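Only one structure is covered here, and it is reproduced in the block below.
The values are calculated or read from the model by the stated rules, or taken from the named source; none is laboratory data. Values in this document were obtained by computation on a predicted structure and should not be read as measured data. Here the Cβ positions follow ideal geometry from the backbone for every residue, glycine too, while neighbour counts run over all protein chains shown. Accessible surface areas use protein heavy atoms only, side chains included; no ligands, DNA or RNA. Shrake-Rupley method; radii C 1.70, N 1.55, O 1.52, S 1.80 Å.
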Amino acid sequence: MRVTRVEAMVTESAVALRPRKARLGDLLLEHKVISQEQLETALGDQRKSGRRLGRVLIENGYLTEDALLEFLSRQLKIPHVDLRRYTFLPDIVRLIPEAYARRFRAVALREEDGALLVGLADPIDIFAHDEIARLVQRPLKIAVVKEADLLKALDVVYRRTEEISGLAAELEQELSAYDIDLGMGPAAAEGTNDAPVVKLLQTIFEDAIQVNASDIHIEPDEAAVRVRFRIDGELRVQTTADRKIAQALVSRLKLMAALDISERRLPQDGRCQVRFRDTVIDVRMSTVPVQYGESVAMRLLNQSNGILELDRLGMPADLLIRLRAMIHQPHGLVLVTGPTGSGKTTTLYGALKELNATSAKLLTVEDPVEYRLPGVNQVQVNSKIDLTFARVLRAFLRQDPDILLIGEMRDTETVEIGLRAAMTGHLVLSSLHTHDAISSALRLMDMGAEPYLVAASLRGVVAQRLVRRVCESCAEPVAATAVEAALFARELGPDVAVTLRRGRGCAFCQQTGFRGRAGIYELLEIDETLMFALQSRNPEAFQRAALAQPQYRRLRAEALTQAARGVTTSEEALRAVYGIG
């Protein structure tokens, strides 16, 4: 096989810049970073697990990842790049195809002195160096990067925005070639090829999963169809395309969820599963007829992550202890309250997971069943056959249950049955749509429940919200304004320590300054004073007694505490609690 002069020159340069062949264990031993005994133990663990030696050494606690990276940078005379602070260039990044970047744990950073600077999690991997140099046809310079940051970066930099736009255009051309009138129904499109639709939807799902979107919205307008993702509670436009492709997308999604593709006049609900790498995602789908077609909303539930345990929800330690004591009582009603999207279901499932034992019978009635829990009998309501919350609850009470979960207190009958079940020896967990814990008990009476029932059955109420976290990759300290300082002093006291932070925007947070969410909580326990106020139907006395509880802390105080600690911003804290800011 002939080798061109250019290829020879590239190969020659690549060899010149190639990292020297060295074994990590020998390097660390030579410089007394680890002992011979530690190396032998790690090598034995490596043979069993197949993981990289560096990863084994870190997991065994022989050295930290930062110490290892600094050591490699110093010994190999290569830079250590912090990807959390790095601004990626899309054209440079894509010089290495995604499959190779993930395989070799590599990311292209920039062009430097005629060579390509590549960040590697394992900078002494000669094979990775040679393969990438051959792939990009240019000499390489190597930098060492943290593997965890690299994997996050790959999810960010290999977004599929351009691919989605290209596939949408391809589908539009496909439909134009067949000259289909989308208003004539799916039968008109029988001759079209499904491949562009399938590829487009697959790419949309993959992109949504990579950026940890909770929802996908497909919305037809007069001239275009818009695809939006909800990320950290906020909707962001992913792409827009010609409205011509909208019905093809909707029809394919309906087929996936086993819905009626010929019915476009009525709303429909369904569910399906999609897989991406090792991730299994449950998709809850809702279609609604709108002016220019059908709008589709899909909730993505990552089944691979499992259900969060209570101590991983981020509750303050004292509040968690009180909540645990409450749910381990043999009977009574415990409510979790907040607006839609505030994490109520996650908290309820966390409690249910903790209570799930072979010695207890657990029954749930939900609309819909979001997560499957082994060992728990779960029922999804179905109004079409009159399988309502109240009807299922009446049947449940004949099933000898210990613990009941009611997805939501929706009507008077459900409230009354739930309260009577709690009063007659069952632990009942449920949710309610109210703004805070204090108004929840009063709302039950507004829904028609007898005051004595509420007073005798209700044990406590958790109110919660989710706030966006300041992005750790681009967070920087900021000084409090005079207004903020006054607000913190009034709500938290004059001596509270305030450490405000704000994200300046980076690739990891898509320039928003926020990445991920944190929960804020308040817990109201029903004591004798509150029970008496409920029985007396005295809302003012109930509120005064609740606020006088020494352990009760209002949502706004917790939200501002998170802001004072730099977890979120003061604007975000106020937005979460009051809907302003």
Estimated D of the stretch 369-475 in µm² per second, where Rh is the Kirkwood radius over Cα pairs and Stokes-Einstein applies at 25 °C, 0.890 mPa s: 158
Area of T412 that stays accessible when all protein chains are in place (1.4 Å probe, Å², to 10): 60
The stretch 218-228 - phi-based ³J(HN,Hα) in whole Hz, Karplus 6.51/-1.76/1.60, Gly and Pro as x: 10, 10, x, 10, 4, 10, 8, 10, 10, 10, 10
Protection proxy ranking, peptides 564-571, 288-295, average beta carbon neighbours within 10 Å, highest first: 564-571, 288-295
Eligible lysines near K146 by straight Cα distance, threshold 19 Å, same-chain separation 8 or greater: K77
Whole-percent carbon and sulfur share, accessible surface of the stretch 307-434, 1.4 Å: 50
The stretch 507-578 and the stretch 335-359: distance between their alpha carbon centers, rounded to Å: 18
Computed helical MRE - 222 nm, the chain, DSSP H runs ≥ 4 contributing -39500 (n - 2.57), nearest 500: -12000 deg cm²/dmol
Bins of 10 Å from zero: percent of alpha-carbon pairs in the stretch 425-495: 14, 28, 22, 21, 13, 2
Answer label, with semi-axes √(5λ) of the Cα gyration tensor in Å calculated from the coordinates and candidates (i) 77, 25, 22; (ii) 70, 26, 24; (iii) 49, 34, 23: (iii)
The stretch 395-438: Rg to Rh, with Rh as the Kirkwood radius over Cα pairs: 0.98
P(r) tail fraction, the stretch 452-581 - alpha-carbon pairs more than 26 Å apart, %: 36
Over 31 Å between alpha carbons, listed pairs K361/K384; K32/K141; K254/K361: K254/K361
Contact order normalised by residue count of the stretch 30-153, Cα under 8 Å, 6+ apart, percent: 23
Heavy-atom accessible area per residue - the stretch 289-340, 1.4 Å, Å²: 46
The stretch 42-87: radius of gyration and largest Cα-Cα distance (Dmax), Å: 12.7, 39
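Output the relative contact order of the chain, whole-number percent, from Cα pairs under 8 angstrom with separation of 6+ residues.
9
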